[in-house]
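Here the structure is laid out as structure tokens; the discussion comes afterwards.
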Amino acid sequence: MFIALICVQNSGNKLLQDRELLEKLKKSKKRENELLTKILLLEEENKKIRDSRTIKDIQRKKAIKNQYRDIAQGLTAVELTDQAMKLLYDGSTYQALDYTNRAIRLDRNYSLAFGIRGAVYLILGRIDQSFDDFTKAISLDQEYAPYYTIRGAVYWRSGFYKLAMEDYNKAISLWPDYHYTYGSRGIAYAESGQLDRACDDWKRACDLGDQESCKRLTDARNLSNCP
């Protein structure tokens, strides 16, 4: 959540503001807490069978050791992704890409690492790779609205207008007060000639605090395109 919602239509690329970074950091903290909880549970289980010499418990201790390793890698992936977010927020795009690649090598089940890398690819104009990463992120976390919003922008840029609208609408159904989705969908409506709907979305986004949508709405009103 997030730093990197990308607006990619006529407005060009931009990183979102502090709320987005905060949302993403909250998400990474949740992942970290989940992994730490797993460690505590494994420690309790390991204590119970530590002195056992049965074949079953010896095999289980080996499995616990492997799980410890996987969790350690997952925690490192969270740290790398946090660094990637900050680098991307500061404009260090290629460094952010390196950090997300490293995170994904360690944990291919961490949706945020794919989401951040998808944002990096989008900034770099690597549209197919961006689409793949956001699709992967969605497959890992289907309740996180910004993934749909950004993939919707990727769809729109690629000419898949119906699919773009489906993603925008899905994002709004998940986070109805997420103003960046309204702003992006408004751009899509404007480009497709649906000015009434564009105006409605920009007004909604503006009311929710998106200053760029406020500017678009004002410009459209000055041209008598919005009421």
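Within segment 165-186, how many residues are at pLDDT below 95, part of a helix (DSSP H, G or I) and either surrounded by fewer than 20 Cβ atoms within 10 Å (Cβ to Cβ) or of a type in the set (A, V, I, L, M, F, W, C) (or both)?
Qualifying residue count, segment 165-186: 0.
Looking at segment 137-155, can you tell me whether even one residue there is more than 22 Å from residue 29 (Cα to Cα), exposed (fewer than 15 other Cβ atoms within 10 Å of the Cβ), of a type outside the set (Asp, Glu) and out of contact with any Phe, Trp or Tyr (no Cβ under 8 Å at 6 or more places or on another chain)?
no
Check off (1) under 19 Å from residue 85 (Cα atoms); (2) free of Cβ contacts under 8 Å to residues at least 60 places away in the same chain; (3) among the small types (Gly, Ala, Ser) for residue 119 and give me the number that stays unchecked.
In the conditions (1) under 19 Å from residue 85 (Cα atoms); (2) free of Cβ contacts under 8 Å to residues at least 60 places away in the same chain; (3) among the small types (Gly, Ala, Ser), residue 119 misses (2) alone.
Take the residues in segment 52-85 that are of a type in the set (Asp, Glu) and at pLDDT below 90; name whichever of them is farthest from residue 102 (Cα to Cα).
Quick first cut of segment 52-85, residues of a type in the set (Asp, Glu) only: 57, 70, 79, 82.
Adding the requirement that they be at pLDDT below 90 leaves 57, 70.
On the way: 57: 34, 70: 14 Å.
For segment 52-85, the residue satisfying everything is 57.
What is the residue count in segment 62-87 for residues that are hydrophobic (A, V, I, L, M, F, W, C) and in contact with a Leu (Cβ under 7 Å, 6 or more places away or on another chain)?
Here is the first cut: in segment 62-87, the residues hydrophobic (A, V, I, L, M, F, W, C) are 63-64, 71-72, 75, 77-78, 80, 84-85, 87.
Add one more test, that the residue is in contact with a Leu (Cβ under 7 Å, 6 or more places away or on another chain), and what stays is 64, 71, 75, 77, 85.
So the answer is 5.
Taking residue 189, is it of a type in the set (Ser, Thr, Tyr), over 22 Å from the mean Cα position of the chain (by Cα) and either at pLDDT 95 or above or in a helix (DSSP H, G or I) (or both)? First the steps, then the outcome.
Details: of a type in the set (Ser, Thr, Tyr): yes; over 22 Å from the mean Cα position of the chain (by Cα): yes; either at pLDDT 95 or above or in a helix (DSSP H, G or I) (or both): yes.
Criteria met by residue 189.
Looking at segment 204-227, which of its residues are of a type in the set (Lys, Arg) and surrounded by fewer than 20 Cβ atoms within 10 Å (Cβ to Cβ)? Write out each step before concluding.
Within segment 204-227, the subset of a type in the set (Lys, Arg) is 204, 215-216, 221.
215, 221 - these are the residues of segment 204-227 that are of a type in the set (Lys, Arg) and surrounded by fewer than 20 Cβ atoms within 10 Å (Cβ to Cβ).
Checking the structure you have, find out if any residue of segment 50-57 is in a helix (DSSP H, G or I), surrounded by 11 or more Cβ atoms within 10 Å (Cβ to Cβ) and touching a residue at least 12 places away in the same chain (Cβ under 8 Å).
Going through segment 50-57, the residues in a helix (DSSP H, G or I) turn out to be 55-57.
Add one more test, that the residue is surrounded by 11 or more Cβ atoms within 10 Å (Cβ to Cβ), and what stays is 57.
Then drop every residue that is not touching a residue at least 12 places away in the same chain (Cβ under 8 Å), which leaves none.
So far as segment 50-57 goes, no, none of its residues is in a helix (DSSP H, G or I), surrounded by 11 or more Cβ atoms within 10 Å (Cβ to Cβ) and touching a residue at least 12 places away in the same chain (Cβ under 8 Å).
Consider only pairs whose beta carbons are under 7 Å apart and that are at least six residues apart or on different chains; among these, list those whose first residue lies in segment 84-95 and is over 18 Å from residue 110 (Cα atoms) and whose second residue is of a type in the set (S, T, N, Q).
Note: pairs meeting the criteria are 87/95.
Go through segment 30-49 and report how many residues are more than 15 Å from residue 75 (Cβ to Cβ) and either touching a helix residue (DSSP H, G or I) at 6+ places or on another chain (Cβ under 7 Å) or not in a helix (DSSP H, G or I) (or both).
So the count comes out to 3.
The values are calculated or read from the model by the stated rules, or taken from the named source; none is laboratory data. Since this is a predicted model, take the numbers as computed values, not measurements. Note that each Cβ is placed from the backbone with ideal geometry, even for glycine, and that neighbours are counted across all protein chains shown.
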